[in-house]
Amino acid sequence: MSENMEHVRCLIIGSGPAGYTAAIYAARADLKPVMYEGMQPGGQLTITTEVENFPGYPKGITGPEMMEEFKQQAERFGTQIRFGVVTEVDLSKRPFIVRADDGNTLAAETIIIATGASAKWLGLESEKKFMGMGVSGCATCDGFFYRGKEVAIVGGGDTAAEEATYLAKLCKKVYMIHRRDELRASKAMQHKALNTPNIEMVWDSVPVEVLGDNSGVTGVRVRNVKNGELRDISVMGFFVAIGHKPNTELFEGQLELDEMAYIKTKPGTTLTSVEGVFAAGDVQDHHYRQAITAAGTGCMAAIEAERFLTS
């Protein structure tokens, strides 16, 4: 054992709405939680500009501001928040041994995993440039800002079809860009998307550049994969729906994961396959993926951790 071994009752790995909410509840229950924020402190919300659907913020709030408030609230009750990344975990026995990139080794009686998921991106330079200025990875979060406008969405699976249908209710027109000549989505979702009058399919095409200026996105340039032809489509919003990847590499082979590598939790709880380890937020939820649902599971995880420690 390392000489830096530190004993903690409740270790929270990851921040964002799930991690910070777990920290608030755990701190108020006197579990003296220690949190490692991870590579993206505040999680996916830090790349969301306006958040208008979180109760209690009638005027809306930016994602980074909201996460700063969550963080301050967690600290107010005594959470020790550390900027750093957990690099290694051993969940084979309690206390769980955890190593972080700040050189610390911790022995944790309980662990709450809130490492979230990352949206998969196309990897275009221009996509990064206009992130939060018209480029989004979440239609339910940001669709409202494009009410009455024309937008594009890239993807061909269930998420893309669902988000395109959602956007179609708000937007004047939705261009759905897919690299093949048929969708991968389930038959029901395909039927919905293909029969929505203001969704126009852009088949056999891949986006090669997001176009824009100082005000944000103005269009997208696509290339036809069959004939190489380029086409510019004028849009104000560009949504990427090619899937999410849960940040679970650290737990592979130690916790039960589903076929998409999300952490499996016992229905209606945050209990994982290892007693004393709890999972909250997008790392175990690929269905809702909202700040409010992540916060809800963060609360559940802290209550379950407290019950586990006192039982």
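Please state the charge dipole magnitude for segment 121-240, taken about the Cα centre, from unit charges on C-beta atoms (+1 on K and R, -1 on D and E), reported in debye and rounded to the nearest 20.
Once rounded to the nearest 20, the dipole reads 180 debye.
Could you list which residues have their amide H under 5 Å from that of Val202, counting only those 5 or more apart in sequence or on another chain, with H placed in the peptide plane?
It is Met176, Ile177, His178, by chain and number.
What are the residues whose amide H is under 5 Å from the amide H of Ile81, where those residues sit 5 or more places off or on another chain and H is modelled from the backbone?
Answer set, sorted by chain and number: Met35.
Counting only DSSP beta bridges with both residues in the chain, what percent are antiparallel, rounded to the nearest 5?
Once the DSSP bridges in the chain are tallied, antiparallel ones form about 45 percent.
Using the charge dipole of segment 121-240 (Lys, Arg: +1 at Cβ; Asp, Glu: -1 at Cβ; taken about the Cα centre), state which of Ala168, Ser234, Val210 has its Cα farthest towards the positive end.
It is Ala168, whose Cα lies furthest towards the positive end.
Nearest 5 percent is fine: what portion of the DSSP beta bridges confined to segment 121-240 is antiparallel?
45 percent
Sort Lys32, Lys173 so the one with the fewest other Cβ atoms within 10 Å of its own Cβ comes first.
Lys32, Lys173
Among [x] 62, 40, 34; [y] 66, 63, 34; [z] 66, 42, 36, find the value of Cα extents along the principal axes in Å that was calculated from the structure presented, and write down its label.
Of the listed options [x] 62, 40, 34; [y] 66, 63, 34; [z] 66, 42, 36, [x] comes from this structure.
I need to check one value: relative contact order of segment 121-240, counting alpha carbon pairs closer than 8 Å and at least 6 residues apart, in percent.
Dividing the mean separation by the residue count of segment 121-240 yields 31 percent.
With unit charges on the beta carbon (Lys/Arg positive, Asp/Glu negative), name the residue among Ser92, Gln72, Leu106 whose Cα is farthest towards the positive pole of the charge dipole of the chain.
Of the listed residues, the answer is Gln72.
For segment 121-240, I need the span (max minus min coordinate) of the C-alpha atoms along each principal axis, in Å, sorted largest to smallest.
40, 35, 22 Å, listed from the longest principal axis down.
Taking segment 167-226, which GluC sites (Glu not before Pro) meet the DSSP loop condition and have no more than 12 other C-beta atoms within 10 Å?
Glu182
To the nearest 20 debye, what is the magnitude of the charge dipole of the chain about its Cα centre, counting +1 on the Cβ of each Lys and Arg and -1 on the Cβ of each Asp and Glu?
Using only the charged Cβ atoms, the result is roughly 740 debye.
Given the pairs Lys172/Lys192; Lys169/Lys192; Lys59/Lys129; Lys128/Lys245; Lys59/Lys169, which are separated by over 20 angstrom at their Cα positions?
The answer is Lys59/Lys129; Lys59/Lys169.
Once you keep just the Cα pairs under 8 angstrom separated by 6 or more residues, what percentage relative contact order results for the chain?
21 percent.
Mind listing the lone cysteines of the chain, meaning no other Cys beta-carbon sits under 4.7 Å from theirs?
Lone cysteines by the Cβ rule: Cys10, Cys171, Cys299.
If each DSSP helix of 4+ residues adds -39,500 (n - 2.57) and the sum is divided by the residues in the chain, what number results at 222 nm, nearest 500 deg cm²/dmol?
The per-residue figure over the chain is -7500 deg cm²/dmol.
Where a number appears in this text, it was derived from the coordinates with a stated rule and is not lab data. All values reported here derive from a predicted model rather than from experimental measurement. As a convention, Cβ positions derive from the backbone with ideal geometry for all residues, glycine included, and neighbour counts pool all protein chains shown.
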